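Computed from the coordinates by the stated procedures, all read-outs in this text should not be read as laboratory data. Model, not experiment: these values are computed from the prediction. Ideal geometry is used to build each Cβ from the backbone, glycine not excepted, and the neighbour counts take in all protein chains shown.
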Amino acid sequence: MSVQKENYKPFTMTINEQTLSAPIVVGIEKSNASDLALDANMYHLGDNSFSDLSANAGEFRMQAIGPFYTKRFTLKNINISKPIYLVIGSIIGIDTAMARSMGQNKIPNAFASPPEVYFNGNKVSEIQLNGDGQKIKLPASLVRKNQVNEITIKTGRNLMQTAYIDYDDIEFMNLIIEN
Ligand SMILES: [Ca+2]
């Protein structure tokens, strides 16, 4: 997997079996005229309870809508012979072990499971890192042309907290379908 973020050097990492089952393509691209803007709003997933050491803790702007977000939309004029991506314009607050290892947070001894992305009920990606312009491939076999499609983003949970569920507080904005 490769990741690029403004003002950061690109880097790559080895994909393991788990991430292979959930294709992830990460990068930055300018949007095309054919892109479908799904949602330009900003959303906060989680429970509004997070450490000051959490990634981007000082940048959160919204109140949590709960642990997941769902958007339904119709795909017209989609070309399933071309790759189809969900692009997340920006996502912050992810406290996975990988995010911590990349220096994206300063939490000494806890980490969260990654946010998960579902397309028409199938998990298509786990989001390990914070960043801009992350692209998630949507398998053509799952696309419902000219019918209602559904994207769901579920935030992760603090894996070191077993007494209760502490959802990882994250914020994202600007969802686009790129084809
Ligand atoms: Ca939380």
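Residues whose amide H lies under 5 Å from that of LEU159, counting only those 5 or more places away or on a different chain, are PHE111, ALA112, SER113; hydrogens are built 1.01 Å from N in the peptide plane. Using the Karplus relation 6.51 cos²θ - 1.76 cosθ + 1.60 with θ = phi - 60°, the per-residue 3J(HN,Hα) values for region 162-173 come to 9, 6, 7, 7, 10, 5, 6, 7, 9, 9, 9, 7 Hz, with x marking Gly and Pro.
Between GLY66 and residues 5 or more places away or on another chain, which pairs have amide H atoms under 5 Å apart, with H built 1.01 Å from N, and which residues are they? Here GLY46 satisfy the definition.
A simple rule links phi to the HN-Hα coupling: the Karplus curve 6.51 cos²θ - 1.76 cosθ + 1.60 with θ = phi - 60°, which for region 101-114 gives 5, 8, x, 7, 9, 10, 6, x, 9, 8, 8, 10, 5, x Hz, with x for Gly and Pro. Tally Lys and Arg at +1 and Asp and Glu at -1 over the other residues with C-beta under 11 Å from the C-beta of PHE172: what net charge comes out? Value of the local net charge: -3.
Coupling constants for region 37-49 follow from the phi torsions by the Karplus curve (6.51 cos²θ - 1.76 cosθ + 1.60, θ = phi - 60°), and in residue order they are 6, 7, 6, 8, 6, 9, 10, 10, 9, x, 9, 6, 10 Hz; glycine and proline get x.
For SER125, the amide hydrogen comes within under 5 Å of the amide hydrogens of VAL117, counting only partners 5 or more places away or on other chains and with H modelled in the peptide plane.
Taking Lys and Arg as +1 and Asp and Glu as -1, the other residues whose beta-carbon sits under 13 Å from that of PRO67 total -3. Relative contact order of region 72-142: 41 percent, from C-alpha pairs under 8 Å at least 6 residues apart in sequence.
In a DSSP loop and with at most 14 other Cβ atoms within 10 Å, the trypsin sites (Lys or Arg not before Pro) in region 71-179 are LYS76, LYS106, ARG144.
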